[in-house]
Amino acid sequence: MNRTALKFGSLFFVSAATGFLGHRVGLNAHQAMSLGIFTASVMGTLFFWEFRLSFAFLGSALLLLTKAIDLESFLRLTTLEVILFLAGMMIVVSLLKDTGFFAWLVAIILRVKNLSGRKFTLLIIGVSAVLACAVDEVTSIIFMVAAILEICDYYEVNPMPFIIISVLATNIGSAATVMGNPIGILIATKAGLNFEDFLMRAFPAAFVSLLAAAAIALRWFARPIAELDRHIKEMQANEILLKLISVPMERHLRVSLVIFGSMMVFIVLHRRLELLLGLSENTILLIMPMITSGVIMIWKRHKAREYVEKGIEWWTLLFFMLLFAQAGTLRHTGAADVFAGMFADFASNNARGLMSLVLWTSSLGSSVLDNVIVVVTYTPVIKSFFTLGYGNQALWWALLLGGCFGGNITLIGSTANIVAIGLLEKEKNIKVRFRDWIGIGLTVGIVTTGLAWVLLSFFY
Amino acid sequence: MKGALVKFGILIFTSIGIGLLGTRVGLNTHQALALGIFVASICGTLFFWEFRLSFAFLGTSILILTRTIDIEHFIKFSSLEVIVFLVGMMIVVGLLKEAGFFAWIVETILKMRNLTARKFLVAISLISAVLSATTGEVVSIIFMTAAILEICDYFEVEPLPFIMISVFMTNIGSAATVLGNPIGILIATKSNLTAEDFLRSALPISLVCLGATMVIVNFWYRRQLAEFDKKIKDLGANEILIKLISVPLGRELKTGLIILGLTVFLISVSHRLEVLFALENNAVLLTIPLIMSAFIMIWKWKKAREFVEKDVEWWSLLFFMFLFAQAGTLQHTGATDVFASGLIDLARGSSQALLGLVLWVASIGSSLMDNVVIVVAFIPIINSFHSLGSGLQSFWWALLFGGCLGGNITLIGSTANIVAVGILEKEKQMKISFLDWLKVGSVVGIATTVVTWVVLLIVPFGK
């Protein structure tokens with residue numbers, strides 16, 4: 001109780017101080033208010049994870065009641081289109097889960113012929129990354145963990161190294177497309193970037209980083225991989241496993257794959273279709289999940305309610321919505337412009353320096369905070385850079401890559417990490433300690449961020 | 001399957017037909033499209049209740065793809081403020097359930113001393129109305145049904161009449177405040193009416209209707225009431241029942257009561273606070289549920305996630321959001337202006353005639369479909385009346401009362417009806433036919449609508 005009071009005290013103190021400090025450096029009352037409340041929301045997620053929605057509710061109410069922002073602008077800044085995109089995607093993912101897509105995928109991994117330690121490692125890296133960028137990181141990691149535990153159980157090896165490898169690949173892969181991570185679609189909407197831009201910029205960066213991570217992981221976990229190899233040789237290949245598991249490709253699974261596939265095709269082509277139909281930017285990207293889930297709910301009408309009520313993470317989405325609006329308020333009140341202006345001298349002379357700053361701070365920031373929070377904090381400031389004329393598309397990529405890659409550094413760096421560790425603890429009673437993670441996590445996190453930095457500095 | 005196909009065919013045909021008809025009477029392509037899709041959504045809720053969300057999703061996508069509306073306006077019309085208000089209130093009600101508030105209410109009814117049939121009738125009427133005016137009709141009816149079944153079981157009388165009475169009162173009571181019904185808050189935000197306006201205008205009308213209904217059911221069910229009285233005399237009063245049940249007024253419950261009281265109080269004075277702090281209209285009204293639910297989620301932090309995930313009706317809210325946006329599109333494209341001027345012509349410019357039109361169409365319409373759908377369809381039209389210069393505040397009240405009172409006419413007129421009938425069927429295997437409901441429902445529905453009409457014609461609201 002005493003600790004809670006202390007935390008609460010420090011939260012209150014820091015937010016008030018930030019607001020006040022902001023006031024001293026030239027923010028007006030509304031700007032300082034929006035800054036203080038945003039700080040309180042961010043700190044609230046850090047100290048009081050369970051209370052984060054309450055903090056977001058109260059903060060938003062305070063912003064409205066102090067007239068820091070009017071209701072209409074506040075509602076516009078909730079970026080409801082992103083929330084609906086995520087909700088639609090969650091319905092699609094529920095369908096995929098329901099029709100056994102992931103079980104089928106897991107079965108495919110389990111049934112690979114002539115398995116070896118190295119092959120298995122590369123396979124889980126590849127599949128984790130692809131799943132993460134096509135579906136989303138959390139769903140991806142849940143099923144990858146299931147597959148890995150199954151195999152490791154069979155061969156009686158410690159699953160922890162492989163789980164860590166899968167998490168690393170998931171976080172890296174989630175940067176590759178718009179759908180991989182909530183920050184992807186958020187950045188796409190705010191920056192007006194389309195899927196093709198992601199394919200041209202984010203995808204190569206994620207791919208290169210994935211290769212680097214794979215190389216590091218193979219070296220770092222050489223011993224566990226060798227051990228798995230030995231066990232495989234001793235026990236023969238996975239013949240029995242092959243016979244045990246066979247998920248047939250049922251009609252429902254096939255139909256759901258077709259639905260998912262057509263959605264992907266439209267999302268990939270969204271820019272061209274928008275041009276063709278004369279629609280404004282990202283319209284098709286944003287409504288594609290809505291159309292798809294509309295079709296899904298007609299097809300699976302008995303499950304529709306369940307998909308909407310259980311499949312959609314309303315708690316998180318509600319929090320995101322208010323967080324987006326609070327960050328938007330920073331820009332609305334002009335506080336973000338003031339900050340951006342402070343960096344103006346630095347930025348005008350040194351575009352690369354600015355990019356490096358964004359990349360490294362967002363990477364380190366998202367190693368301790370939810371990456372959505374980091375990105376949401378930066379978005380208004382980067383937009384202000386654009387208004388002030390120092391904008392550069394590379395800043396958005398720096399934000400995206402930093403936000404995703406930084407998640408690997410610590411064991412609480414991203415949702416995927418937390419979920420995987422939770423599953424490992426629940427299923428196998430294996431606890432991942434901080435020091436189990438930090439060595440490989442830090443190495444991969446720093447190396448991939450470094451790679452991103454090189455790419456962004458010299459190629460984009 | 002074949003039935004579904006026919007329905008689907010009718011739906012497509014009707015929507016396209018209406019869209020085409022629209023172009024004939026002077027709508028442009030976008031207006032006609034917006035109209036056709038909106039009609040499809042409404043028909044969708046009528047014919048394919050389970051698919052309504054899909055229809056809303058797909059219809060909206062078509063509107064966006066055909067550039068009838070862009071995403072930015074679509075978001076603006078989705079009335080997120082109403083949705084967030086409802087989310088907050090649902091969390092508050094979730095807490096009340098959790099704290100045993102409703103069980104306590106049920107108990108106070110069961111423990112009434114010197115019970116007589118008339119007394120019981122008045123008690124369930126008032127409590128149903130008050131509960132639905134403060135916590136929403138659906139929650140109210142669920143708990144009222146539980147209480148009524150308990151009492152009727154004990155005295156071995158048929159519960160159906162009393163359940164129907166409770167449903168009628170719930171629907172009438174839900175018109176009294178902004179909290180009672182989603183259409184209340186929707187109308188408040190769109191018309192800039194405050195919670196106080198509701199207390200000043202809607203509450204009295206609702207009370208008059210309540211009185212009228214009490215007279216009607218008292219006469220209609222005179223035999224059942226007499227029988228109930230006889231049973232009470234035979235069995236003695238409910239002494240045993242009183243001893244059997246006792247929910248003490250615990251600390252949780254007291255806190256819950258304080259929270260509800262505070263919410264209702266703050267909401268009713270919200271406009272004064274807005275004026276005091278020079279805030280825009282409804283800024284306080286809309287943030288109060290947010291603040292209240294935030295405190296609830298801090299207090300009950302272990303249950304917070306459950307409140308958000310289980311007690312908030314996301315499915316309906318998502319549907320509402322899209323429906324609001326589609327109706328907004330109608331207004332955005334200007335289609336409603338065309339209708340509004342058509343209606344004004346029809347009424348020959350007389351606002352009294354127009355008022356009657358709104359009231360009756362809303363009432364009859366919401367006896368067949370969800371009242372939110374009707375109200376959403378009417379709001380842009382009434383807005384157009386206002387912009388065309390023949391607007392009256394009474395139109396909004398006509399819409400509100402039509403939407404709530406019409407729900408009594410049929411078995412499927414409002415969510416409360418459907419829920420109550422469902423519970424009765426599940427618990428007691430008692431079925432009620434559409435016609436049986438219609439007999440008494442239409443008398444109550446039409447009588448109360450007439451009463452409202454008279455009041456709206458005589459009393460000059462908002463002048």
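The values are calculated or read from the model by the stated rules, or taken from the named source; none is laboratory data. These numbers were taken from a predicted model, which means no experiment stands behind them. Cβ coordinates were reconstructed from backbone atoms using ideal geometry, including for glycine residues, and neighbour counts include every protein chain displayed.
Can you name the helices (runs of 4 or more DSSP H) wholly within region A:70-172 that have at least 1 residues being farther than 24 Å from A:M264 by Cβ, in contact with a Gly (Cβ under 9 Å, 6 or more places away or on another chain) and small (G, A, S)? Give the derivation first.
Working: elements: A:71-77, A:80-98, A:101-110, A:117-134, A:137-155.
Counting at least 1 such residues, we get A:71-77.
Can you tell me which of B:S61, B:S54, B:S41 is more than 10 Å from every other protein chain (Cβ to nearest Cβ), in a helix (DSSP H, G or I) and touching a helix residue (DSSP H, G or I) at 6+ places or on another chain (Cβ under 7 Å)? Quick ask: steps written out before the conclusion?
Values: B:S61 fails: more than 10 Å from every other protein chain (Cβ to nearest Cβ); B:S54 fails: more than 10 Å from every other protein chain (Cβ to nearest Cβ).
B:S41 is the lone residue from the list that is more than 10 Å from every other protein chain (Cβ to nearest Cβ), in a helix (DSSP H, G or I) and touching a helix residue (DSSP H, G or I) at 6+ places or on another chain (Cβ under 7 Å).
For region B:115-125, check the following and say yes or no: at least one residue is part of a helix (DSSP H, G or I), buried (at least 24 other Cβ atoms within 10 Å of the Cβ) and either within 21 Å of the chain's Cα centre (by Cα) or within 14 Å of chain A (Cβ to nearest Cβ) (or both).
Yes, the conditions are met somewhere in region B:115-125.
Restricting the search to region A:45-74, which residues are in contact (Cβ under 8 Å) with a residue 12 or more places away in the chain, within 7 Å of chain B (Cβ to nearest Cβ) and either buried (at least 22 other Cβ atoms within 10 Å of the Cβ) or hydroxyl-bearing (S, T, Y) (or both)?
Pass one, region A:45-74, residues in contact (Cβ under 8 Å) with a residue 12 or more places away in the chain: A:45-48, A:52-53, A:55-57, A:59-60, A:62-63, A:66-69, A:73-74.
Of the ones still in play, those that are also within 7 Å of chain B (Cβ to nearest Cβ) are A:53, A:57, A:60, A:67.
Residues satisfying the conditions are A:L53, A:F57, A:S60.
From the list B:G407, B:G413, which one is in the same structural domain as B:V215 (by TED's automatic domain parsing), among the small types (G, A, S), modelled with pLDDT of 85 or more and under 19 Å from the mean Cα position of the chain (by Cα)?
Details: B:G413 fails: modelled with pLDDT of 85 or more.
The unique qualifying residue is B:G407.
Looking only at region B:313-358, which residues are closer than 30 Å to B:F48 by Cα and among the charged types (D, E, K, R)?
B:E313, B:D337
Which of the residues spanning region A:399-443 are out of contact with any Phe, Trp or Tyr (no Cβ under 8 Å at 6 or more places or on another chain), of a type in the set (A, V, I, L, M) and in a helix (DSSP H, G or I)?
Within region A:399-443, A:L400, A:L401, A:A416, A:I418, A:V419, A:A420, A:I421, A:L423, A:L424, A:I438, A:L442 qualify.
Conditions first: (1) under 21 Å from A:E309 (Cα atoms); (2) more than 9 Å from chain B (Cβ to nearest Cβ). A:L84 passes all but one, so which condition is the exception?
A:L84 satisfies every listed condition except (2).
Could you please tell me which pairs satisfy a Cβ distance under 9 Å, a separation of 6+ or placement on different chains, a first residue in region B:255-282 that is farther than 20 Å from B:F101 by Cα and within 13 Å of chain A (Cβ to nearest Cβ), and a second residue that is among the basic types (K, R) and assigned to a loop (DSSP other than H, G, I, E, B)?
Close Cβ pairs (under 9 Å, with a partner that is among the basic types (K, R) and assigned to a loop (DSSP other than H, G, I, E, B)) amount to B:F277/A:K67; B:A278/A:K67; B:L279/A:K67; B:E280/A:K67.
Of these, B:A99, B:A103, which one is surrounded by fewer than 24 Cβ atoms within 10 Å (Cβ to Cβ) and modelled with pLDDT under 85? Break it down stepwise before answering.
On the way: B:A99 fails: modelled with pLDDT under 85.
None of the other options fit; the residue is B:A103.
So in region A:275-288, with the set limited to residues that are part of a helix (DSSP H, G or I), of a type outside the set (V, I, T) and within 10 Å of another protein chain (Cβ to nearest Cβ), which one is farthest from B:L318 (Cα to Cα)? Before you say what the answer is, go through the steps one by one.
So in region A:275-288, the residues part of a helix (DSSP H, G or I) come out as A:275-277, A:283-288.
Next cut, of a type outside the set (V, I, T) only: A:275-277, A:285-286, A:288.
From what is left, the residues that are within 10 Å of another protein chain (Cβ to nearest Cβ) are A:277, A:286, A:288.
Details: A:L277: 27, A:L286: 16, A:M288: 17 Å.
Only one residue fits best here, namely A:L277.
If we keep just the residues of region B:395-425 that are more than 22 Å from B:I379 (Cα to Cα) and polar (S, T, N, Q), which is surrounded by the fewest Cβ atoms within 10 Å (Cβ to Cβ)?
For region B:395-425, the residue satisfying everything is B:T410.
Please list, ordered by first then second residue, the pairs with beta carbon atoms under 7 Å, 6 or more apart or interchain, first in region A:289-306 and at the interface with another protein chain (Cβ under 7 Å from one of its Cβ atoms) and farther than 10 Å from B:L53 by Cα, second crowded, with 18+ Cβ neighbours inside 10 Å and of a type in the set (A, V, I, L, M).
Correct list of pairs: A:M290/A:L84; A:I291/B:L58.
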